[in-house]
Amino acid sequence: MDEVKVGIVGLGNVGTGTLTILAENADQIALKLGFRLKVVAVCSRSVHSKELPAALEPLFKTTDWREVVTHPEVQIVAELVGGTGVASEVIEAAITNRKSVVTANKELMAACGPEIWDRAIRSGINLAMEASVCGGIPIHAVLREGISGDRVVALYGILNGTCNYMLTEMEKRDVPLAAVLAEAQLLGYAEADPSADIDGFDARSKLVLLAALAFGEKITPSDIFMEGIRRISPIDFRYARQLKHTIRLICGARKTPQGLILSVRPALIPTSTILAGVQGAYNAVWVKGKYGEDTFYYGWGAGALPTGVAVASDLMRVAREIRSGSPERVSPFAHERLGENVPIPVTKQKSAYYIRFRVEDRPGIIARLAGILAEKKISLEAVLQEPCDTKDDLPFVITVEPTSEQSVREAVDEMSQLDFMRDAPLAMPMETAL
Ligand SMILES: NC(=O)c1ccc[n+]([C@@H]2O[C@H](COP(=O)([O-])OP(=O)(O)OC[C@H]3O[C@@H](n4cnc5c(N)ncnc54)[C@H](OP(=O)(O)O)[C@@H]3O)[C@@H](O)[C@H]2O)c1
C-alpha cells in the first residue's frame, strides 16, 4: 500500500493534537483511505525538546520550516504556526514547491484567503482550511458543500469559545469580567494578552470566512462592525434575565434588501433560543436558508484534539485528491462583489436595543433621557431599575422599540454628555430574529 507523506510545521496545541490522532488512529485512517498517511517531517522552534508519539518514529525533525516545505518526500504541508508572518511564508513556499497545504489559520485566510487559493489553483496543488473556524465543527464543509444549494439569508454564530466561557460564567456566578478572565487564563482558555478574544478580532476573522462561504461574497475584516465584551458586567445579566434574555458575543451576517449587515458584538438574545443554550467554551453556528430553513451546528470550537480532528480530516481529503490526481480547481471564495450581498454599514441595522446607564441619581433623569429619545424618534419600551444602595452610581436600563442603529448611536452620543452620566451608556441590540 503506497503512502501519502505529510510534513507538519508548528507543534503547539493543534500540531501536537494532530500528531496524537495521526499516531493513535493511523490504522482506522488507513482503512478509510485505502492507503496510509505517513508523517515524515516535523518542525517547530523547540522541536528537539518535544515529546512526540513514538509510533511516528523515525521522523525528520527540524527547527527550520524551509526543510519541511522542500523535503523531497513531503506531499502535504500542514501549516499550524498561526499568525500572518512565518505562516504566510510557509504556505507561499509550499505552493511554490508544489506541495499541497492544510492550514488552521483563520487570521491569514481572512486577510488573504482568495489570493492564496488562486495561487494554489495555478500551482496545481490542493488546499484545505477546515480547522480555521470552529475547530471541531466541520462548518466549512457544510457551507461549501452540505447546504451550498440553499440561499442563505442569515448566519449567526458563537465563534469565540473564550468569550463564551467568560460570559456564561458571569451569568451563572454573578462575578465581574476581570475575575472570569483571570480564571480563563489559568485554565488556558485565554492568552496572557486576551485582546484577540475579548475585543472580537478572533471572532471577526472567523466571520469573514463563514460569511464569504455562506453568501458567496468577497468579505474583508473591515466590512464587519466589531465590539468586544469588555464593558459587560454582571448587572447586565441581571437586567437581561428580567427581559427573558441572556448576553452572548454574537457573530452575525444578515441579508437585508440593501445588502449584508455584518457584526461581531455582544447582544441580548432570548433565553428560549438554541444559541442561548450554548454554554462554556463551546461554539455554535445557526444558518437560515431561504429553502432549507434552519440548520444548527454545535461542538468544540478549539482544543488540541477537536481541532486536530479537523486537520487530520483535511489531510485525508487532500491525500485522496492527490491519489486521484485531482488538484484544486475551484476557489470557495468569490473574487468580486456580486451586488446582492454587498456589505453595508451596521448603522443601517434596525433592531430593538437595550441601553444600560450608570448615573449619579437626581430628579428628572428619566425625563431628560426620554426627551433625547423622542428627539431622535425612538420609542421607549421599558425602564428597569433593580434596587441599589448607592445613589452616586446607579445602574438602570431602558429598552427601546426597533429603530435604526444610527439613531441609537446619535442618542447615546448626546446622552454621554449629560452631567449626571458616570459612564457612556452601553447599547446592545436585542436579537429578535433568532
Ligand atoms: N488552539 C486552538 O484550539 C486552535 C483552534 C482552531 C484553530 N487554531 C489555529 O491553529 C494555528 C495554531 O494554533 P496553536 O494554538 O496550535 O498555536 P501554538 O500553540 O502557539 O503553536 C504554534 C507552533 O508554531 C511554532 N512556531 C512558531 N514560530 C515558528 C517558526 N518561526 N518556525 C517554526 N515553528 C514555529 C511554535 O513553536 P514552539 O513550540 O517551538 O514555540 C509552536 O509549536 C493557529 O492558526 C490558530 O489560529 C487553533
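Heavy-atom accessible area with a 1.4 Å probe sorts Tyr165, Tyr156, Tyr282, Tyr189, largest first, into Tyr189, Tyr282, Tyr165, Tyr156. Using the Cβ-Cβ distance between Arg122 and Asp392 with R0 set to 60 Å, the FRET efficiency works out to roughly 0.40. Sequence-ordered 3J(HN,Hα) estimates for segment 68-83 from the Karplus curve with 6.51, -1.76 and 1.60 and θ = phi - 60° stand at 7, 6, 9, 4, x, 8, 5, 9, 10, 9, 9, 8, 10, 8, x, x Hz, glycine and proline given as x. Close amide H partners of Thr256, meaning residues 5 or more places away or on another chain with modelled amide H under 5 Å apart, are Ile261. Here segment 79-96 is scanned for amide nitrogen atoms under 20 Å from the site 7 Å beyond the Cα of Ala23 along Cα-to-Cβ, giving 79-81. The angle between the Cα long axis of helix 405-416 and the longest principal axis of the Cα atoms of the chain comes to about 60 degrees, rounded to the nearest 10. What the Cβ-Cβ distance of Leu380 and Phe35 gives, at R0 = 45 Å and to the nearest 0.05, is a FRET efficiency of 0.10.
In straight-distance terms, cross-link reach from Lys377 covers every one of the aspartates and glutamates whose alpha-carbon lies under 19 Å from its own, apart from those fewer than eight places away in the same chain; here that gives Glu401, Glu405, Glu410, Asp413, Glu414.
Computed over the chain, the P(r) tail beyond 31 angstrom holds 45 percent of alpha carbon pairs.
The relative contact order of the chain, computed from alpha carbon pairs under 8 Å that lie at least 6 residues apart in sequence, is 17 percent.
Here the label points at Phe296 and Arg422, each 7 Å from Cα along the C-beta direction, are separated by 3.7 nm in the simple model. The 3J(HN,Hα) values that the Karplus relation (6.51, -1.76, 1.60; θ = phi - 60°) gives for segment 8-16 are, in residue order, 10, 10, x, 10, x, 4, 6, x, 6 Hz. Gly and Pro appear as x.
Calculation over all alpha carbon pairs of segment 313-434 in 5 angstrom steps from 0 returns a P(r) of 2, 9, 16, 16, 11, 8, 6, 5, 5, 5, 6, 5, 4, 2, 1, 0 percent. With the alpha-carbon atoms of segment 154-242 aligned to their principal axes, the span from lowest to highest coordinate is 41, 34, 17 Å, starting with the largest.
With a simple spin-label model that places each label point 7 Å from the Cα along the Cα-to-Cβ direction, the separation between Ala55 and Arg409 comes to 5.4 nm. Quick one: of Lys61/Lys99; Lys172/Lys206; Lys290/Lys376, which pairs are farther than 25 Å apart, Cα to Cα? The pairs that break the limit, which is 25 Å between Cα atoms, are Lys172/Lys206; Lys290/Lys376. For the chain, the residue among Ile76, Ile8, Thr62 whose Cα projects farthest onto the positive side of the dipole built from Cβ charges is Ile76.
Charges were assigned to the Cβ only: +1 to each Lys and Arg, -1 to each Asp and Glu. The resulting dipole of the chain about its Cα centre is roughly 860 debye. The shape of segment 58-198 comes out oblate: with a ≥ b ≥ c from the C-alpha gyration tensor, a/c is at least 1.5 while a/b does not beat b/c. Accessible surface computed residue by residue for the chain, with neighbouring protein chains in place and a 1.4 Å probe, gives 42 Å² per residue.
The Rg/Rh ratio for segment 387-434 is 1.02, where Rg is the radius of gyration of the alpha carbons and Rh is the Kirkwood radius.
Local charge for Gln279 was computed over the other residues whose Cβ lies under 13 Å away, with Lys and Arg +1 and Asp and Glu -1, and equals +1.
Within the listed set Leu37, Leu315, Leu155, the Gaussian network model of the chain (springs between alpha-carbon atoms below 10 Å) gives the highest mean-square fluctuation for Leu37. Net charge near Ile95, counting Lys/Arg +1 and Asp/Glu -1 over other residues with Cβ under 9 Å of its Cβ? Within the 9 Å Cβ shell, the charges total +3. With the cut-off at under 19 Å, measuring from each backbone N in segment 225-244 to a point 7 Å along the Cα-to-Cβ line of Asp361 picks out 235-236, 238-239. What list of ³J(HN,Hα) couplings, whole Hz, do you get for segment 167-177 from phi and the Karplus terms 6.51, -1.76, 1.60, once you set θ to phi - 60° and write x for glycine and proline? Once θ is set to phi - 60°, the couplings for segment 167-177 become 5, 6, 5, 4, 5, 6, 10, 6, 10, x, 4 Hz. Note on Ala179 and Glu340: their simple-model spin labels are 5.0 nm apart, each label 7 Å out from Cα toward Cβ. Candidates Ser416, Ala267, Met170 compared by Cα position along the dipole of the chain: farthest toward the positive end lies Ala267, with charges placed on Cβ. With kT/(6 pi eta Rh) evaluated at 4 °C and eta = 1.567 mPa s, and Rh the Kirkwood radius from Cα pairs, segment 349-421 diffuses with a coefficient of 103 µm²/s according to Stokes-Einstein. Our helix-only sum for the chain, with -39,500 (n - 2.57) per DSSP H run of n ≥ 4 divided by its residues, gives a mean residue ellipticity at 222 nm of -10500 deg cm²/dmol. Structure remark: mean-square fluctuation, Gaussian network model of the chain, C-alpha springs under 10 Å; the largest value among Ile250, Ile158, Ile147 belongs to Ile147. What is the angle, in °, between the Cα long axis of helix 304-323 and the longest principal axis of the Cα atoms in the chain? Nearest 10 is fine, range 0 to 90. Tilt relative to the chain: about 50 degrees.
The values are calculated or read from the model by the stated rules, or taken from the named source; none is laboratory data. Keep in mind that what you see is a predicted model, and the values were worked out from it rather than measured. Note: ideal-geometry Cβ built from the backbone for every residue, glycine included; neighbour counts use all protein chains shown. Accessible surface areas use protein heavy atoms only, side chains included; no ligands, DNA or RNA. Shrake-Rupley method; radii C 1.70, N 1.55, O 1.52, S 1.80 Å.
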